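Here's the structure we're looking at; comments come further down.
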Amino acid sequence: MSRADQLHSLNVLRTVLRQRESVPRPLAVAALMHDVGKCRYHLAVWQRTMAVLVKRLIPPLADRLGREEDLRIWRAPFVMSSHHAKWGAEILRACCADEVAVWLVEHHQADISALWDHPQAELLQCLQRADEAC
């Protein structure tokens, strides 16, 4: 992971630790590793910036550009944004990580309202709040 992503992950963990009296181990692991899927491909600063700007200004375009795993230079940042959660879950599974941590990483960008019935929804909401705050 890039140094910036490492620092972001540490900040997410710190935020999670401040949000809750007791932090289950899978939540702490997910906080540290939620963006590990980004290590699959290196993006230049201009690519990351472009992805953030387009996602904020024209969200449907960012979503469309990120659907397929087409990593041409101009699409890679959108693909990374769309797929890094899935890639991170794959990496954690390969390392035999706890399944709850894997699920949290895989869904950390999902719409929480569609997952309220899941047993880990409360942990996911905590992770998402911390990620958004950092």
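The values are calculated or read from the model by the stated rules, or taken from the named source; none is laboratory data. Everything numeric here is computed off the predicted structure, so don't read it as measured data. Glycine also receives a Cβ, built like all others from the backbone with ideal geometry; neighbour counts cover every protein chain displayed. Side chains are part of the model used for accessible areas, which takes the heavy atoms of the whole protein and leaves out ligands, DNA and RNA. Shrake-Rupley method; radii C 1.70, N 1.55, O 1.52, S 1.80 Å.
Numbers for the structure displayed
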item	result
Angle between the chain longest axis and helix 121-133 axis [Cα atoms, degrees, rounded to 10]	50
Per-residue HN-Hα couplings for the range 70-82 [Karplus 6.51, -1.76, 1.60; θ = phi - 60°; Hz; x = Gly/Pro]	9, 9, 4, 3, 7, 9, 3, x, 6, 5, 4, 4, 6
Folded to 0 to 90 degrees: helix 45-57 orientation relative to the chain principal axis, Cα	80
Counting all C-alpha pairs of the range 1-53, share separated by more than 12 Å (%)	67
Taking all pairs of distinct alpha-carbon atoms in the chain, Kirkwood radius in angstrom	15.2
Residue-averaged [θ]222 nm for the chain, counting only DSSP H segments that reach four residues, each worth -39500 (n - 2.57)	-20500 deg cm²/dmol
Unit charges on C-beta of K, R, D, E only; dipole of the range 66-118, Debye	280
Among Leu7, Leu92, Phe78 - extreme Cα towards positive end, dipole of the range 1-94, charges at beta-carbon	Leu7
Mean Cα-pair separation over length for the chain, i.e. relative contact order, pairs under 8 Å, 6 or more apart, %	30
Sorted peptide list for 84-90, 29-35, 105-111, 72-78, criterion being average Cβ within 10 angstrom, highest first	29-35, 84-90, 105-111, 72-78
The chain, accessible area per residue, ligands and nucleic acids excluded (1.4 Å, Å²)	59
In sequence order, calculated HN-Hα J values of the range 31-41 (Karplus, 6.51, -1.76, 1.60; Hz; x Gly/Pro)	4, 6, 10, 4, 10, 4, x, 5, 6, 5, 9
Residue of Leu27, Leu53, Leu104 that the Gaussian network model of the chain assigns the largest fluctuation, springs spanning Cα pairs under 10 Å	Leu53
Cα→Cβ-extended label distance, 7 Å offset, between Val52 and Arg14, nm	1.8
More than 12 Å apart - percent of Cα-Cα pairs taken over the range 81-134	64
Value of D in µm² per second that Stokes-Einstein yields for the range 51-104, Kirkwood Rh from Cα pairs, at 10 °C (1.306 mPa s)	132
